[in-house]
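I have placed the structure first, in the form of structure tokens, so that the comments after it can refer back to it.
Where a number appears in this text, it was derived from the coordinates with a stated rule and is not lab data. Bear in mind that the values here come from a model prediction, so they are computed numbers and not experimental data. Heads up, the Cβs are rebuilt from the backbone with ideal geometry, glycines too, and the neighbour counts pull from every protein chain shown.
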Amino acid sequence: MDTLSGKTVLITGASTGIGRALALELARGGAQLALNARDAARLGASAQECAALGAQVLAVPGDVCSEQDCRASVARTLERFGKLDALVNNAGMTMWARFDQLTDLDGLQRVLDVNYLGAVRMTAAALAHLKASRGLLVAVASVAGLTGVPQRTGYAASKHAMIGFFESLRIELRGSGVAVTIVAPGFVKSELHKGALGPDGRPLGRSPMDEPRIMTSERCAQLIAGAMRRRQRLLITSGRGRLARWARLVAPALVDRMAERAIRLRR
Ligand SMILES: NC(=O)c1ccc[n+]([C@@H]2O[C@H](COP(=O)([O-])OP(=O)(O)OC[C@H]3O[C@@H](n4cnc5c(N)ncnc54)[C@H](OP(=O)(O)O)[C@@H]3O)[C@@H](O)[C@H]2O)c1
């Protein structure tokens, strides 16, 4: 039996991409789902897809940049399901511009607010309930949280912050029964890159990625679900990401070149 069957899982950023695919994957496994994102219509469509697979599902629209919305999302999940077994901090956004070409620095703050502080706010709202259920905290970070990536200074900074936060929290939670799973995907096909902030701080409007050559959200979601079932400490979804983690210890300049190449090839 799926170990997540009957578990209540709150997923942020569940309207598109990896979050939506993870919701569908967990729905198939019999989890009870609370789905968060800002766009209520797209979120409702995700929730309906999960319900069609037989899952009990609740849409909790809200912005992870609002402490009030985060508290309300958790409270509504508790009202409906009576418990919270896992929180997946997945909501995120990115940027695509060299630092010396940025004409607007506000975007860096925005990326930090959504990716890092958004996860912190939601975790603060959920932690007591996860302690009660001896549950699971999931942080969907990025390989850009483990090493530097050109054109992604603000994004890499936000994901490094996220990983530092959850690595530290894991130590504080030792003995509480709450596990922390950090996920570091490589490039994944989703809405993320299309909405990336460009040099002027506005969304690009089209993905600069070589989309057919990168991992699908569905595959990424399967890997995340597996890591959740095992309560795995760290999941790096790509072979290149796993190689870079070890290569960095002995040849950090080589890893810099790998990151440059990945950005040049856009895959
Ligand atoms: N795609 C990749 O290559 C890749 C690689 C590594 C890591 N990741 C990480 O994976 C996570 C999911 O990204 P994705 O690729 O699936 O991108 P995506 O398709 O753009 O999904 C992002 C999700 O986050 C939601 N969101 C954005 N801002 C939010 C906010 N302020 N409050 C609540 N929800 C918000 C979006 O919905 P609304 O706009 O309706 O709020 C959407 O549901 C992100 O943390 C991303 O950094 C992605």
Would you pull out the residues with amide H under 5 Å of L235's amide H, same chain only if 5 or more places away, H placed 1.01 Å from N? I182, V183, A184
With each pseudo-label sitting 7 Å past Cα toward Cβ, what's the A52-A124 distance in nm, one decimal? 3.9 nm
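About the Cα centre of segment 113-212, how large is the charge dipole given +1 on each Lys and Arg Cβ and -1 on each Asp and Glu Cβ? Please answer in debye to the nearest 20.
Charge dipole, segment 113-212, about its Cα centre: 220 debye, nearest 20.
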Over every pair of different alpha-carbon atoms in segment 224-267, take the mean of 1/r and invert it; report that Kirkwood radius in Å. 11.8 Å
Residues with amide H under 5 Å from that of G6, placed H, sequence gap 5 or more: A31, Q32
Using a Förster radius of 41 Å, what is the FRET efficiency between E67 and D200 based on their Cβ-Cβ separation? Nearest 0.05, please. 0.90
Compute the distance in nm between two label points, each set 7 Å from the Cα along the Cα-to-Cβ direction, one at M1 and one at R213. 4.6 nm
Rounding to the nearest 10 and keeping the result within 0 to 90°, find how far the Cα-based axis of helix 153-172 lies from the longest principal axis of the chain. 40 degrees
How fast does segment 87-235 diffuse by Stokes-Einstein, in µm²/s, taking the Kirkwood radius from C-alpha pairs at 20 °C and 1.002 mPa s? 135 µm²/s
For Q222, put the label point 7 Å out on the Cα→Cβ axis and report which residues of segment 228-267 keep their amide N under 20 Å from it. 228-232, 235-242
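Would you please put 145-158, 90-103 in order of how densely packed they are, using the mean number of other Cβ atoms within 10 angstrom per residue and starting with the highest? Present the calculation step by step, with values, prior to reporting the outcome.
Values: 145-158: 21.4, 90-103: 18.6.
Descending mean neighbour count gives 145-158, 90-103.
Could you order peptides 20-30, 213-223 by the average number of other Cβ atoms within 10 Å of their residues, highest first? Each step should come with its number before you reach the end.
Numbers: 20-30: 23.4, 213-223: 18.2.
Descending packing order for the listed peptides: 20-30, 213-223.
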19 Å cut-off, amide nitrogen to a point 7 angstrom out along L243 Cα→Cβ, residues in segment 137-162: 143-150
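Determine, for the chain, the count of lysine pairs separated by eight or more sequence positions (or lying on different chains) whose alpha-carbon distance falls under 23 Å. If you can, show how the numbers build up before the last one.
Working: K7/K83; K7/K131; K83/K131; K159/K189; K159/K194.
Lysine pair count for the chain: 5.
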Over the C-alpha atoms of the chain, what are the Rg and the largest Cα-to-Cα span, Dmax, in Å? 17.6, 53
